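Below: the structure, in structure tokens.
What follows is calculated from the coordinates using simple rules that are stated; it is not laboratory data. Just so we're clear, the structure is a prediction, and the values are computed from it rather than from any experiment. Ideal geometry is used to build each Cβ from the backbone, glycine not excepted, and the neighbour counts take in all protein chains shown.
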Amino acid sequence: MSVKFCRKCILPSTKPDLEFSSDYICQGCKAFEKRQKIDWDKRSIEFKKILNNFKSKNNNYDCIIPVSGGKDSTFQVIKMLEHNMNPLCVTAMTDKLTDIGRYNLDNIKKLGVDHIEVSTDPVLRRKINKFTLKSVGDISWAEHITIFTIPVRIACKFDIPLIIWGENSQNENGGPEKNENAIKLDRRWLEEFGGLLGLRTTDLNTILNIPLNKLIQYTYPNEEEINNKNITGIFLGYFFPWDGYENFKIAKASGFKTYEKELEGSIVNYENLDNAQMRVHDYFKFLKFGYDRVTDWCCWHIRRGRMTRDEAIKININNSGKYPRNYMGFTLNEILSEIDCTEEEFNEICDNFTNKELFKINNEGKLIKSEDGSLIPNFKIF
């Protein structure tokens, strides 16, 4: 399989929906260049008008901020407090919350906000996580849907029409050009870009026979209720320049805590600190498409002049695609035991989702693996 790479960053042609120009510059790089020409003062004025329109007139909350406790959601809270908004922060609880994740969630509350944590049935959640790992190659599918559905459900329940989301991931990650200027996060955006992988909540009912009344938190409110209550979710990253590293520095100045070293499967120590499953989740991205979070971070740094392309290639070769043996002090077996899965079964699932055109195989058609279990790519970044 021939893999091509963006000439400016190192995003590969295997990335779903990635568009390239005739001179092979990816949509992520082109979108970043366009954003350098945006009149951010004008966008800021537009943002203030939206806030004024939605600010509560009846002593209610002014907006909802979905928060994980990460650097970006901490930044979102700080930004809204700077704009004199009274937010209700909402967390769709993660599956395997780390100690640092707990600390950073508590730190958000210390900024001076009310906060709701919503946890789903853990027994059912483990069943769903194992099913989605086996069926779509995602141990965190349940989390990725509830981070979008639960804040919207809370907004409807408490009549708080404005929801402040973070970045439009389609900008940074090279999504379709038609979506790079999206202001709102709605049901259409969720279904197309929310990581559902072709699976729907109704499938959990029909395939796993889970009663619908046990899937309430996994279900997006109906359009009639959303329209009647004028529920509107907007991307903060549309109105202000978005930079994960700059967000981290602002969050850190307000008490955000980092990990003691670079995270396994990453090149930073300040992202994806809340969920111990993240290493497994990211590994499947590498199996399917031949790149992972290391590649993403390299691309973001290249665009902002913090890393050269040659430096990124070396870093990617040395750090990308490692077998997820450990993450933040948790072993792979500890993570898998939560969903009643053995490492042998896990490896079989991995092989089922591996794009074998991207990795070396032996004469028997079996994947060749290094001593630590990592696959060996049959392509090179150029």
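Figures for the structure shown
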read-out	value
Principal axis box of the chain, alpha-carbon based, largest edge first, Å	71, 50, 39
Those GluC sites (Glu not before Pro) in region 241-334 that DSSP places in a loop and that have at most 11 other beta carbons within 10 Å	260
Viscosity 0.692 mPa s, 37 °C: Kirkwood-radius Stokes-Einstein D of region 265-382 over Cα pairs, µm²/s	215
Estimated FRET transfer efficiency (residue 42, residue 102; beta-carbon r; R0 41 Å; 0.05)	0.55
Under 17 Å from the Cα of residue 356 - aspartates and glutamates, other chains or at least 8 residues apart	292, 348, 364
Cross-link pairs beyond the 29 Å C-alpha cut-off, checked among 15/184; 96/229; 285/369; 30/369	96/229; 30/369
Region 1-103, dipole about Cα centre (Lys/Arg Cβ +1, Asp/Glu Cβ -1), debye to the nearest 20	220
For region 129-168, size of Cβ-based charge dipole, Lys and Arg +1, Asp and Glu -1, in debye	220
Percent RCO, i.e. relative contact order, over the chain, from Cα pairs under 8 Å lying at least 6 residues apart	21
Net charge contributed by nearby residues that have their C-beta within less than 14 Å of residue 362 (K/R +1, D/E -1)	+2
Length gained when the stretch residue 355-residue 119 is fully extended (0.36 nm per residue, less Cα-Cα span)	81.5 nm
Coordinate range along principal axes, alpha carbons of region 40-244, Å, largest first	49, 38, 35
Relative contact order for region 265-382, counting Cα pairs under 8 Å that sit 6 or more residues apart, in percent	26
Mean Cα-pair separation over length for region 40-244, i.e. relative contact order, pairs under 8 Å, 6 or more apart, %	26
Estimated dipole of region 191-257 in Debye, rounded to 20 [Cβ of Lys and Arg +1, of Asp and Glu -1, Cα centre]	440
Computed lengthening from residue 208 to residue 261, 0.36 nm per intervening residue step minus Cα-Cα distance	15.1 nm
Region 45-109 - Rg and Dmax from Cα coordinates, angstrom	13.4, 40
DSSP-defined antiparallel bridges as percent of all bridges, the chain, nearest 5	40
q = 0.14, 0.29 Å⁻¹: log10 I(q)/I(0) that the Debye formula gives for region 196-245, counting C-alpha atoms only	-0.62, -1.05
Cα Rg, Dmax, region 1-95, angstrom units	19.3, 60
